[in-house]
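Engineer: Let me give you the structure first, and then I'll get to my questions.
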Amino acid sequence: MKLPATFLILLNTCLLFGQIAPERENRQLVWEDQFDFLDTVIWNVIDNFDHYGTSSSVFIKDNVRTRNGMLLLDLKKETYSCPSWAIDPQWNCVLQNKTGNPYYYTAGRVESKQAFNTSFGYIEARIKFPYNKHLWPAFWTFAGDGVDRPENAAEIDIAEMLGEFGPNVMTTNIHKDYPDDYFMAVSPDNYHWENWHIYGLEWTPTELIWYLDGIPVRTMENHGIVDPVKLIFNTGMRPFAPVYDFLGEMNFPYTMYVDFVKVYGPKED
């Protein structure tokens, strides 16, 4: 995830679109996770990674868990230093390596493994996000493990939540390379981060359609993302978030809940 452009479009989805999510009769379920347990056959649990130094928080495995059929990704205010063996100036614990300082926030992140790389079809997850203006939780894709095409990151931000836009706005984007930016924010009726919603993406070779609770909220043609991708869920702090919590503006810990994720592909004859 990268910082968005300042361009912002607010959409009323009910007025602009009349269609609903893709008919299941034309799809078959490829894989799903109901999160009855933390299935490490499906998921890599990310540890000692700060998103190349772009986040004020660091992902650690202790902030990933399951409970009552849900995936829970925690965000905590705590001091944490990556062990020396985990530090890589280009990849892991970049901010700590650069500044010499510990992290003051820890977050949770999972990424689907190579065997579950996803291509064209329909992706959806039922999620309840935490909200604060300094938070950065997300549901997104990136070039799948084993895909060797560095000129195309294949990042699709299905629901990238940027706290500064407020709790009634979800943001979407794609990145093939950086700093390219196709940012769009949407503000559907009766939408709030902290309520349960189903976030979906219809992905064909020529078109992307973002869905919220079965209603399309954005369409993008000729997107150029054709490689298999991995799915990512994470919590996080916005870049340059303060060490202190604004005299009570934040109430740690925060938790992102994922009820299920499902991936559909074209039905085979």
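Just so you know, all these numbers are worked out from the coordinates, no wet-lab data involved. Not measured: the values here are computed from a predicted model. All Cβ positions, glycine included, derive from the backbone under ideal geometry; neighbour counts span all protein chains shown.
Engineer: In the stretch 50-76, what residues are in contact with a strand residue (DSSP E or B) (Cβ under 6 Å, 6 or more places away or on another chain), over 15 Å from Pro137 (Cα atoms) and of a type in the set (D, E, K, R)?
Structural biologist: Lys61, Arg65
Engineer: Now for a different question. In the stretch 198-207, what residues are surrounded by fewer than 21 Cβ atoms within 10 Å (Cβ to Cβ) and touching an Asp or Glu at 6+ places or on another chain (Cβ under 8 Å)?
Structural biologist: Selection gives Ile198, Thr206, Glu207.
Engineer: Here's another thing I want to ask about it. Do we find a residue being over 16 Å from the mean Cα position of the chain (by Cα), farther than 20 Å from Lys113 by Cβ and part of a loop (DSSP other than H, G, I, E, B) anywhere in the stretch 230-239?
Structural biologist: Scanning the stretch 230-239 turns up no residue that is over 16 Å from the mean Cα position of the chain (by Cα), farther than 20 Å from Lys113 by Cβ and part of a loop (DSSP other than H, G, I, E, B).
Engineer: Every residue in the stretch 208-223 that is surrounded by 15 or more Cβ atoms within 10 Å (Cβ to Cβ) and not β-branched (Val, Ile, Thr), please.
Structural biologist: Leu208, Trp210, Tyr211, Leu212, Asp213, Pro216, Arg218, Met220, His223
Engineer: Could you say which residue among Arg149, Arg109 is charged (D, E, K, R) and either over 30 Å from Pro242 (Cβ atoms) or in contact with a Ser or Thr (Cβ under 6 Å, 6 or more places away or on another chain) (or both)?
Structural biologist: Selected residue: Arg149, the only one of Arg149, Arg109 that is charged (D, E, K, R) and either over 30 Å from Pro242 (Cβ atoms) or in contact with a Ser or Thr (Cβ under 6 Å, 6 or more places away or on another chain) (or both).
Engineer: So, one more: Is it true that some residue in the stretch 53-60 is without any contact (Cβ under 8 Å) to a residue 40 or more places away in the chain and surrounded by 18 or more Cβ atoms within 10 Å (Cβ to Cβ)?
Structural biologist: Within the stretch 53-60, not a single residue is without any contact (Cβ under 8 Å) to a residue 40 or more places away in the chain and surrounded by 18 or more Cβ atoms within 10 Å (Cβ to Cβ).
Engineer: Next question, about the same structure. When the residues of the stretch 61-103 are narrowed to those that are of a type in the set (Ser, Thr, Tyr) and in contact with a Phe, Trp or Tyr (Cβ under 9 Å, 6 or more places away or on another chain), which ends up surrounded by the fewest Cβ atoms within 10 Å (Cβ to Cβ)?
Structural biologist: Thr79
Engineer: Please find, among Tyr122, Tyr105, the residue that is under 30 Å from Pro216 (Cβ atoms), in contact (Cβ under 8 Å) with a residue 24 or more places away in the chain and of a type outside the set (Val, Ile, Thr).
Structural biologist: Of Tyr122, Tyr105, the one residue that is under 30 Å from Pro216 (Cβ atoms), in contact (Cβ under 8 Å) with a residue 24 or more places away in the chain and of a type outside the set (Val, Ile, Thr) is Tyr122.
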